[in-house]
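See below for the structure under consideration.
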Amino acid sequence: MYDIIFYIFAAVTLGGGFITATSKRLVYAAFGLLFAFFGVAGLYVMANADFLAVTQIMVYVGGILILLIFGIMLTNRVSQADVTMSGGTKAVTGLLSLGIFAILMMAYFGTGSEKTLKGADGKSKTVSTWASYKSAPWSGSPYNKDVFNEVLSKPYGAPSEAKTKEGSYGTSSEIGVLMLTDYLMPFEIISVVILVALIGAAMIARKEPTPEEEQLAEARG
Amino acid sequence: MTVGLGHFLFLSAALFSLGVYAMLSRKNAVAVLMGIELILNAANINFIAFSRFGAINLGGQMVSIFVIVIAAAEAAVALAIVLNIYKNFKSVDPTQVDSLRD
């Protein structure tokens, strides 16, 4: 059941992303983005990140997507020119992105391996392990290999199950505590960043007052 | 095959490539921004997947919260810039915004 739902969300995400990347009409691309965002939110739920899923829907679908649609409506003319590059550029770009995908896949298949373990409860679990791999890519680097092995070989489902206290639901309370303890400094910095972005966006996007309006403003004091 | 870390990483790599394609092949600045949002989402999927299947507990989720916040700030500022470009150039084609070139 879990697998089927995962594949549905994955298909929704990739389909939405594909429409976003290739659609000839900008509004269709925006709707594709909507599906991609919802699919990603579903994937967050599949990965035990309930708070993040809600945040994703509220911020991306409720905020960024609306902003983008406003941007489309404010900048589109009726006789809109073609929104994609010419065929040659498109082919080069497609090759480039396929190459990036191939490199990522090579990195994945080259550095880790997955194996299926039998858990204590008899269920088989897929575990990513780097321990079985002989020469890790960082073997000559200063990083401690054991840390990476520990990070990636810990059994299935460790995080929330281990940390969630009895009687509490989801990750929200833990995220709230972390935000005001371990991550207090980034939290404060990001709030300043948001403030700067807010002021900057309002500053950049506002209308220049015409000379008459300036005189009026001066007359009013 | 049970869904594991690899599935999430594969999905995120595919979404990232789609985002790169959208970002580079579009002739409209708003569509380029959509590609950037796809890329940020792909990065977030990776963080969440490692938070789920690794031993970094909630660290990945915290990082992706910050990524979402940065994405929101970026979208707001970028759209303000796009509106200004439209006002000055009467077009949002990033290939035509080259008046600093000569």
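The values are calculated or read from the model by the stated rules, or taken from the named source; none is laboratory data. None of these values were measured; they are calculated from a predicted model. Counting neighbours? That spans all protein chains shown, and the Cβs are built from the backbone with ideal geometry, glycine included.
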Exercise. Taking A:Asn48 and the conditions (1) surrounded by 15 or more Cβ atoms within 10 Å (Cβ to Cβ); (2) part of a helix (DSSP H, G or I), which numbered condition does it fall short on, given that it satisfies the others?
Worked result: (2)
Problem set entry | Counted residues, the stretch A:26-38 - those being facing chain B (nearest Cβ under 10 Å) and either farther than 28 Å from A:Asp82 by Cβ or out of contact with any Gly (no Cβ under 6 Å at 6 or more places or on another chain) (or both) | 5
Exercise. Does B:Ala78 satisfy the criteria of being closer than 30 Å to A:Leu43 by Cα, aliphatic (A, V, I, L, M), facing another protein chain (nearest Cβ under 7 Å) and touching a helix residue (DSSP H, G or I) at 6+ places or on another chain (Cβ under 6 Å)?
Worked result: no
For this session: Taking the residues in the stretch B:41-67 that are within 30 Å of A:Thr75 (Cα to Cα) and surrounded by fewer than 21 Cβ atoms within 10 Å (Cβ to Cβ) as candidates, determine which candidate is nearest to the other protein chains (Cβ to nearest Cβ).
Result: B:Phe66
Exercise. Looking at (1) at pLDDT below 90; (2) crowded, with 19+ Cβ neighbours inside 10 Å; (3) in a helix (DSSP H, G or I), which is the only condition A:Ile64 fails?
Worked result: (1)
